[in-house]
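**Student:** Below you'll find the structure I mean.
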Amino acid sequence: MNEIDLIENWNEQIKNQVEIISSFYEIEPIETLKIGILTNITNESFPNYINYQSVVSGISQARMVKGVKGVNKIESQIDRLLKSYGLEDLNKYLLDAAVELVVMTIDSIYDKNNARLKKAYTKALNDPDFLYINLKLVVKILAEYLRANNVEIDNKTLHYMTDAIKTKKRELTKKIIEAYMHEDKTALAEAKKDYKIAMIEMLDNYMNKINIPIKHAQQVGMEQKIVEKLGKDSLDTMTSILLLGMREKIIQNNQMQRILQFD
């Protein structure tokens with residue numbers, strides 16, 4: 001992420017809002033903005049890959065990222081990030097790392113020989129929603145990776161959202177598996193119904209339904225207050241700057257790949 005681009009492109013209204021909030025919480029303006037963007041992404045994140053519609057669907061991207069037929073496409077890319085960041089900095093600069101990971105993942109498409117797929121992704125890059133879907137997806141994957149490595153995520157909204165969704169889905173999946181094992185059609189139908197209801201519930205301001213320990217409640221409150229005070233329109237504007245930067249980087253990398261292939 002280019003912090004200079006973020007700072008230079010915010011308008012006076014956003015700048016004033018950020019400075020007031022930063023002064024109140026005694027944190028740097030750029031950090032206030034990053035907290036707002038990451039928390040807003042977390043609040044909007046889908047717990048599973050439904051309702052993703054684009055030229056190249058989000059679920060296709062999810063499969064490519066998480067792996068198909070036992071081949072984990074993103075594992076080596078996270079390893080590359082760890083060489084630059086390490087676990088501690090991956091946590092500290094999670095939003096920056098997520099932007100890099102989206103670029104790396106889509107770059108890998110252009111390493112392939114599938115002209116039709118390349119054409120589809122080139123078209124998809126013109127759709128801001130496509131890039132935003134992938135940014136949300138990668139934030140979720142990195143958060144799950146950090147929690148799997150017992151790292152306490154700095155952004156507590158993301159930390160508790162990640163844990164809550166994982167726990168809830170594990171409980172619901174266990175009910176489905178048990179119903180299958182006992183060949184109980186009624187229990188299976190009920191378990192599937194509960195799963196569907198829970199997934200819909202998670203899409204509807206799920207953060208407000210999670211129990212947060214007292215020691216972290218103040219920080220979660222701060223993160224949510226930053227989102228509230230900056231407002232969705234301002235955060236969407238600043239996030240769009242990140243998405244534009246991602247798109248330009250991907251296009252530049254693709255052009256460089258073509259030059260190297262031609263040489």
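Since every read-out is calculated from the coordinates, none of them should be taken as a lab result. Just so it is clear, the model here is predicted, and its values are computed rather than measured. Neighbour counts are summed over all protein chains in view; Cβ atoms, including those assigned to glycine, are modelled from backbone coordinates with ideal geometry.
**Student:** Given R₀ = 30 Å, what would the calculated FRET efficiency be for Met181 paired with Glu144, taking r from the Cβ atoms and rounding to 0.05? It would help to have the intermediate numbers written out before the result.
**Tutor:** Numbers: r = 27 Å, r/R0 = 0.89.
Calculated value: 0.65.
**Student:** Now, a different point. Output the pairs from Lys169/Lys215; Lys92/Lys232; Lys119/Lys249; Lys168/Lys249; Lys156/Lys229; Lys174/Lys225 with a Cα-Cα distance over 29 Å in this structure; if there are none, say none. List each step's numbers first, then the result.
**Tutor:** Values: Lys169/Lys215 25 Å; Lys92/Lys232 23 Å; Lys119/Lys249 17 Å; Lys168/Lys249 37 Å; Lys156/Lys229 18 Å; Lys174/Lys225 36 Å.
From Lys169/Lys215; Lys92/Lys232; Lys119/Lys249; Lys168/Lys249; Lys156/Lys229; Lys174/Lys225, over 29 Å: Lys168/Lys249; Lys174/Lys225.
**Student:** Contour minus end-to-end for Glu152 and Asp129, with contour as 0.36 nm per residue of separation and end-to-end as the Cα-Cα distance?
**Tutor:** Details: separation 23, 0.36 × 23 = 8.28 nm, distance 2.95 nm.
Gain on stretching Glu152 to Asp129: 5.3 nm.
**Student:** Give me the extension gain from Lys209 to Asp79: residue separation times 0.36 nm, minus the current Cα-Cα distance, reported in nm with one decimal. List each step's numbers first, then the result.
**Tutor:** On the way: separation 130, 0.36 × 130 = 46.80 nm, distance 3.41 nm.
Gain on extension, Lys209 to Asp79, equals 43.4 nm.
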